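Chemist: Could you have a look at this structure, given as C-alpha cells, before my questions?
The values are calculated or read from the model by the stated rules, or taken from the named source; none is laboratory data. Remember, it's a predicted structure, so these values are computed and weren't measured experimentally. Ideal geometry is used to build each Cβ from the backbone, glycine not excepted, and the neighbour counts take in all protein chains shown. The accessibility values were calculated without ligands, DNA or RNA, using every heavy atom of the protein model including side chains. Shrake-Rupley method; radii C 1.70, N 1.55, O 1.52, S 1.80 Å.
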Amino acid sequence: MRDVAGFVEESIQKLKAEIKGTAIIACSGGVDSTTSAVLVDRAIGKRLITVFVDTGYLRKGEPEHVQALLKNMGLNLHFVDASAEFYKALRGVTDPERKRKIIGNLFIKIFEREAEKIKADTLIQGTIAPDWIESGGDLRDVIKSHHNVGGLPADMKIKLVEPLRDLYKDEVRKVARYLGLAIAEKQPFPGPGLAVRILGEATRERTAILREACAIVEEEIEAAASHGECELPWQYFAVLLPVKSVGVRGDVRAYGETMVVRAVESLDAMTASASPLPYSLLERIGIRITNTIPEVIRVVYDITHKPPATIEWE
Ligand code: XMP
C-alpha cells in the first residue's frame, strides 16, 4: 500500500459496488475488525450491522469497553453473549488446531444465525495478510489456522468480503489513523482470544485465572512505559501453561499453576523478538500475579524470538 488516502477511497468505492444488500461484521473492537467496520460503514452506512460477540475468551472489562467504543463511533451495534456456547464447545479439547477450528466454526455459526435474523447476505471479516499467509496457501505449510480463515466451512451460505486482506498490521494502523480511529495503537489480540493462551483445556475457571494475569501484565507494562521505564512493547500478555509445579505458601507446600509473561517487538507479526523488559518490571509482575491469583505458584518470562516460536503459544 503506497498511498493511504488512495487505499481508503478505492476500498470505499469497491465496497459500494460489491455489497448490494445488508452486511454483517464480527467486530471485536480490535484494530483489524474496527477498521474494516468503519471502512464498510463509510461505504454502505446503516446497511452494515456490527455484531460484537462475547466468546467468553475476552480480556478483563472488554465486553463493556468495546460496546461503549463501538456505540460512540456511531456503528449499528448488536451484542451477543455466546460465552456459554463457546465453553461448552471447547470442553475436553486440548489440541491447538482443533481449538482454533472449533472456535472459528462456532463463530461462523453464530454469525449465520444473526445474519439470518437480520437477512444479511454479506459477511465482512477483518482478515489481514499474515492471517491467510500463515494459514497455508497453495504451497505454504499450515503454521496455525488463523481464526478468520480456518473456521470457514465450505458450505458457508453468505458472501465473504475482506477489505484488509492484502495489508500488514502496520498498514492497517496507518489506515486506522487516517480514519481517525482511537484504537489505531491498540495491541493485537488473536481472534480465538484467551483460548489460545490457555494451553490445555480452556475452561471457564482457567480462563478467569488467565484473564486476571493478562490484566496485570497489561497494567504493569503500560504503567512502566508511561513513566519512561521502558518502551511500550508491540504486544504483551500472559499465557497459562498446563504444567503444575511445587511451591510454598506461608509454611505450607503448594502445588499450582505456571504463568508465562510474553512481550514482543515486531513490525508486521511475521517475525518478532522478545522484548528486553527491565528486570525490576518483570519482578513486579511476578510478585503481583502470585500475590493476587492464589492458583499461580510460578511465573516465567518467554525469551524466544519468532522464528522459531510464534508470538502466541498456540
Ligand atoms: P503468531 O502467534 O502466529 O501471531 O506469531 C501473529 C500475530 O497474529 C495474532 N494472531 C491472530 N490474529 N486471528 C487474528 O486475527 C487469529 O487467529 C490469530 N492468531 C494469532 C497474534 O496475536 C500476533 O499478533
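Chemist: Give all pairs with beta carbons closer than 6 Å in which a residue from segment 26-46 that is more than 16 Å from the ligand (Cβ to nearest atom) meets a residue that is part of a helix (DSSP H, G or I); count only pairs at least 6 apart in sequence or on separate chains.
Modeler: Pairs found: 39/11; 40/15; 42/12; 43/12; 43/15; 43/16.
Chemist: Also, quick follow-up: If I ask for residues that are open to solvent by 90 Å² or more (accessible area, probe 1.4 Å) and not β-branched (Val, Ile, Thr), which ones from segment 295-304 would you list? Can you show your working first?
Modeler: Of segment 295-304, the ones open to solvent by 90 Å² or more (accessible area, probe 1.4 Å) are 298, 303.
Hit for segment 295-304 is 298, nothing else.
Chemist: Considering only segment 236-294, give the strands (runs of 3 or more DSSP E) lying wholly within it that have at least 3 residues that are open to solvent by 20 Å² or more (accessible area, probe 1.4 Å) and within 22 Å of residue 201 (Cα to Cα). First the steps, then the outcome.
Modeler: On the way: elements: 245-249, 252-266, 272-274.
Fully inside segment 236-294 and qualifying: nothing.
Chemist: Of the numbered conditions (1) surrounded by 20 or more Cβ atoms within 10 Å (Cβ to Cβ); (2) within 16 Å of the ligand (Cβ to nearest atom); (3) in a loop (DSSP other than H, G, I, E, B); (4) of a type in the set (A, V, I, L, M, F, W, C), residue 309 fails exactly one; give the number of that condition.
Modeler: Unmet condition: (1).
Chemist: Here are the criteria: (1) open to solvent by less than 10 Å² (accessible area, probe 1.4 Å); (2) over 24 Å from residue 214 (Cβ atoms); (3) among the hydrophobic types (A, V, I, L, M, F, W, C); (4) touching a Leu at 6+ places or on another chain (Cβ under 6 Å). Tell me which single one residue 70 does not satisfy.
Modeler: Every listed condition holds for residue 70 apart from (2).
Chemist: Ok, one more. Take the conditions open to solvent by less than 60 Å² (accessible area, probe 1.4 Å), at pLDDT 95 or above and part of a loop (DSSP other than H, G, I, E, B) and apply them to residue 233. Does it pass?
Modeler: Yes.
Chemist: Among the residues of segment 22-73, write down those that are part of a loop (DSSP other than H, G, I, E, B), in contact with a strand residue (DSSP E or B) (Cβ under 9 Å, 6 or more places away or on another chain) and under 17 Å from residue 162 (Cα atoms).
Modeler: 22, 27, 28, 29 - these are the residues of segment 22-73 that are part of a loop (DSSP other than H, G, I, E, B), in contact with a strand residue (DSSP E or B) (Cβ under 9 Å, 6 or more places away or on another chain) and under 17 Å from residue 162 (Cα atoms).
Chemist: Please go through segment 109-152 and pick out each residue that is at pLDDT below 85, of a type in the set (A, V, I, L, M) and closer than 21 Å to residue 190 by Cα.
Modeler: Once the filter is applied, which keeps residues that are at pLDDT below 85, of a type in the set (A, V, I, L, M) and closer than 21 Å to residue 190 by Cα, segment 109-152 yields 133, 142, 143, 149, 152.
Chemist: While we're looking at this one, here's another question. Report, by residue number, each residue of segment 166-191 that is among the β-branched types (Val, Ile, Thr) and within 17 Å of residue 74 (Cα to Cα). Lay out the reasoning, then the answer.
Modeler: Filtering segment 166-191 for residues among the β-branched types (Val, Ile, Thr) gives 172, 175, 183.
Scanning segment 166-191 gives a single hit, 183.
Chemist: Select from segment 265-298 the residues that are under 17 Å from residue 237 (Cβ atoms) and touching a Lys or Arg at 6+ places or on another chain (Cβ under 7 Å) and write down the one among them that is farthest from the ligand (Cβ to nearest atom).
Modeler: Residue satisfying both the conditions and the ranking: 272.
Chemist: Condition (residue is at pLDDT below 95, farther than 26 Å from residue 95 by Cβ and not in a loop (DSSP other than H, G, I, E, B)) applied to segment 222-230: is it met by at least one residue? Steps first, please.
Modeler: Step one: list which residues in segment 222-230 are at pLDDT below 95, which gives none.
Within segment 222-230, not a single residue is at pLDDT below 95, farther than 26 Å from residue 95 by Cβ and not in a loop (DSSP other than H, G, I, E, B).
Chemist: Kindly check whether there is at least one residue in segment 183-195 that is free of Cβ contacts under 8 Å to residues at least 40 places away in the same chain and among the hydrophobic types (A, V, I, L, M, F, W, C).
Modeler: Initially, segment 183-195 is screened for residues free of Cβ contacts under 8 Å to residues at least 40 places away in the same chain, giving 185.
Now narrow it down to the ones that are among the hydrophobic types (A, V, I, L, M, F, W, C): none.
No.
Chemist: Moving to a separate point now. Does segment 184-219 hold any residues that are within 14 Å of the ligand (Cβ to nearest atom), under 15 Å from residue 36 (Cβ atoms) and open to solvent by less than 30 Å² (accessible area, probe 1.4 Å), and which are they?
Modeler: 188 - this is the single residue of segment 184-219 that is within 14 Å of the ligand (Cβ to nearest atom), under 15 Å from residue 36 (Cβ atoms) and open to solvent by less than 30 Å² (accessible area, probe 1.4 Å).
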